[in-house]
Structures are given as C-alpha cells and as structure tokens.
Amino acid sequence: SVAALPDALHDLLRSPGRSVRSLAWRALHRGARLERPIFVIGSPRSGTTLAVDLFATHPDVANWSEAGRVWDPTHYDDPEAEHVWRAEDATPARVARLHRWFEWYRRSQRRTRFVNKHPRNSLRIPFLLLAFPDARFIHVIRDGRGVVSSVLEEIRRSERRQRLPMGGFAKPAGWRQMLRDDLALQSALQWQAIVRTARAEGAPLGAAYTEVRYETLCAVPRETYRALFHFAGLRSGDAALAGIPARLEESEGWRHRLTTADRARIERSAAGLLNELGYLP
C-alpha cells in the first residue's frame, strides 16, 4: 500500500550491499510518477525561502527544498557548471530519477502535493515542463536593489562564495560575460537575466504560471496565500491558512546597507527592468 511504502523502502535500503539497495529502490519505484508538482522559482535572495516555507504550512503539501543534489547529483558543486537546462536535457533516465525521488518523498510525508523551491529552476522552465507537464510555477519577484544588497551581504560573509563565480548563486545564460570586479554591478546583471528568463518562459504557460511580489507577500500574506493556494489547486479556506501570519515584516535593510554609489550603479544598470516592474518612481 502507499502508506506502507516508506517503511518497506527503509527496510530494503538497509539490506547489505549497494547493488541490493539499488535494485530494491528501483523495484519499489519503477514507473513512479509525481503529479502536479509546484515549483517556487525566483532570483536568489528574492524571498523564495520565505515564500516556500509559508506555502508548506498548507496541510496537503510536502516541501523538499532545495534538493540541489537530487536535481544535479553530478555537477551540483562544479563552479563551472551551466545552470540553464533546456528541454533536450530532459532525458528519460533523468526524468524518471527525479520522479522516483520526489514521488517517494511525497508519499513518505503522506501528503497529496509536492512543492520545491530552487532558484536554479528559474532557468529551467522548458526542462521542467517536459519532465513535469502538469507542473505549476510560482515566480517570486523582489526589488532588484534589495536582491543585490542581500547577494552582496552573503558573498561578503562567506569565504567560499567569494571564491565561486557569481557567488555560487544561480548562473543565467551568458554568465561569464557578466562577471565583474564590481560585485554590485555583476549582481544587478545577474538579477535582471534571471528574472527576464523566468518571465519570458513562464508567461506563455498561462494558468500554469503566476507571479508574486515579495513586498506584497509581506504586506498581506493571508490574501496572497489564499490566491496562491487557489492557483495551485489546493484548499484555500481559513483552515488551510491557519499557518499564515496576518502580516510579515518586510526586509528593507538594503535601503541603508547600499552605499549611494552602489545604489546609483544598480539603478542605472537595471533601470529598464526596475521600471517595468514598477520599482522606480
């Protein structure tokens, strides 16, 4: 039975020998299919973690984020790896493996739906659509100045990120041409490319794609999640919203963390998208 599956899996995976465990796993999950997954996407440092954590308060949702090594067990830590995946990258073996892992997790949590947040997936919508044709996408968008400020803070306090291209964050197409000594400018270019890619590839999906502003999420979380739950095909009544606070404190530290010069360079570089999104007066 589905309910007994996790315990049976654990017993089999405790069997001696890697080959036995591998055979047990494949036998249990051959043909596994994850239905109607929900993917929370967005530029790194856009509030996607907050967004998915609140989404996962829904009683019907199993949340496994970010699951980076499930998505990419071979090149996840490769600093030169490309993060853009296209439809042709969705090989049958790769797709089957993702379905096995994520469907197993959903069943193990005894929930009806699965949600995953992974900023790199902002650059993989064609791949995800081929792998999960009934998926729903929630794109979290935040003021680019706040994103850049947060990226800079993360890089400054992490020696590891200082050694990685693009700070180890999601790398859009053409990322090598975006590398700069000026990290504020580099991060502004990165934010624009990721947001534009996700919007361009998401907009044609119609009812399968929606956008939510980080600022709106903080200001009116209950109204925001009522709409998001309805969009995802989940219950959206008061009981489903029990874990959503009435209000959240928006993080606006960027307004004093960014120097005047940094802010000017970001606004100059990203003026087009900031204006398009209504973030500049």
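If contacts are Cα pairs under 8 angstrom and at least 6 residues apart, what is the relative contact order of the chain in percent? Walk me through the intermediate numbers first.
On the way: 412 pairs, mean separation 64.0, N = 281.
Relative contact order, the chain: 23 percent.
Considering only Glu267, Glu103, Glu249, give the residue with the highest GNM mean-square fluctuation for the chain, with springs between Cα atoms whenever their separation is below 10 Å.
Of Glu267, Glu103, Glu249, the most mobile in the Gaussian network model is Glu249.
Ranked from highest to lowest mean number of other Cβ atoms within 10 Å per residue, what is the order of the peptides 36-44, 67-75, 178-186, 162-170?
Details: 36-44: 25.3, 67-75: 13.7, 178-186: 16.0, 162-170: 17.9.
The packing order, highest mean first, is 36-44, 162-170, 178-186, 67-75.
Which distance in nm do the two modelled labels at Asp89 and Leu179 give, with both placed 7 Å along the Cα-to-Cβ direction?
That separation, rounded to one decimal, is 1.9 nm.
Can you compute the FRET efficiency between Arg161 and Ala271 using 1/(1 + (r/R0)^6), with r the Cβ-Cβ distance and R0 = 30 Å? Round to the nearest 0.05.
0.65
If you count only protein heavy atoms with a 1.4 Å probe, what accessible area per residue comes out for segment 137-259, rounded to a whole Å²? Could the numbers behind the result be given before it?
Numbers: 5670 Å² over 123 residues.
On a per-residue basis, 46 Å².
How large, in percent, is the carbon and sulfur part of the accessible surface of segment 84-195 at a probe radius of 1.4 Å?
On the way: 2090 of 4260 Å².
Carbon with sulfur: 49 percent of the solvent-accessible area.
Once the Cβ-Cβ distance between Val220 and Glu249 is put in as r, and R0 is 22 Å, what FRET efficiency do you end up with, to the nearest 0.05?
0.95
Please grab the % of Cα pairs in the chain that end up more than 28 Å from each other. Display every interim value, and only then the final one.
On the way: 15958 of 39340 pairs.
Of all Cα-Cα distances in the chain, 41 percent exceed 28 Å.
Mind checking the per residue accessible area of segment 45-86 for me, 1.4 Å probe, whole number of Å²? Could the numbers behind the result be given before it?
Details: 1850 Å² over 42 residues.
Per residue, segment 45-86 has an accessible area of 44 Å².
Return, for the Cα atoms of segment 66-134, the radius of gyration and Dmax in Å, separated by a comma.
Every Cα atom of segment 66-134 included, Rg and Dmax give 12.2, 38 Å.
At 0.36 nm per residue, minus the direct Cα-Cα distance, what do Arg196 and Asp238 gain on full extension? Give it in nm, one decimal, please.
Values: separation 42, 0.36 × 42 = 15.12 nm, distance 3.45 nm.
Contour length minus Cα-Cα distance gives 11.7 nm.
Could you work out the helix-only [θ] at 222 nm for the chain, with each DSSP H run of four or more residues adding -39,500 (n - 2.57) and the total divided by the number of residues, to the nearest 500 deg cm²/dmol? Show your work: numbers first, answer last.
On the way: 14 runs with 134 residues, N = 281.
One gets -14000 deg cm²/dmol as the mean residue ellipticity at 222 nm.
The values are calculated or read from the model by the stated rules, or taken from the named source; none is laboratory data. Only a predicted model underlies this, so the values are computations on that prediction, with no experimental measurement involved. Note that each Cβ is placed from the backbone with ideal geometry, even for glycine, and that neighbours are counted across all protein chains shown. The accessibility values were calculated without ligands, DNA or RNA, using every heavy atom of the protein model including side chains. Shrake-Rupley method; radii C 1.70, N 1.55, O 1.52, S 1.80 Å.
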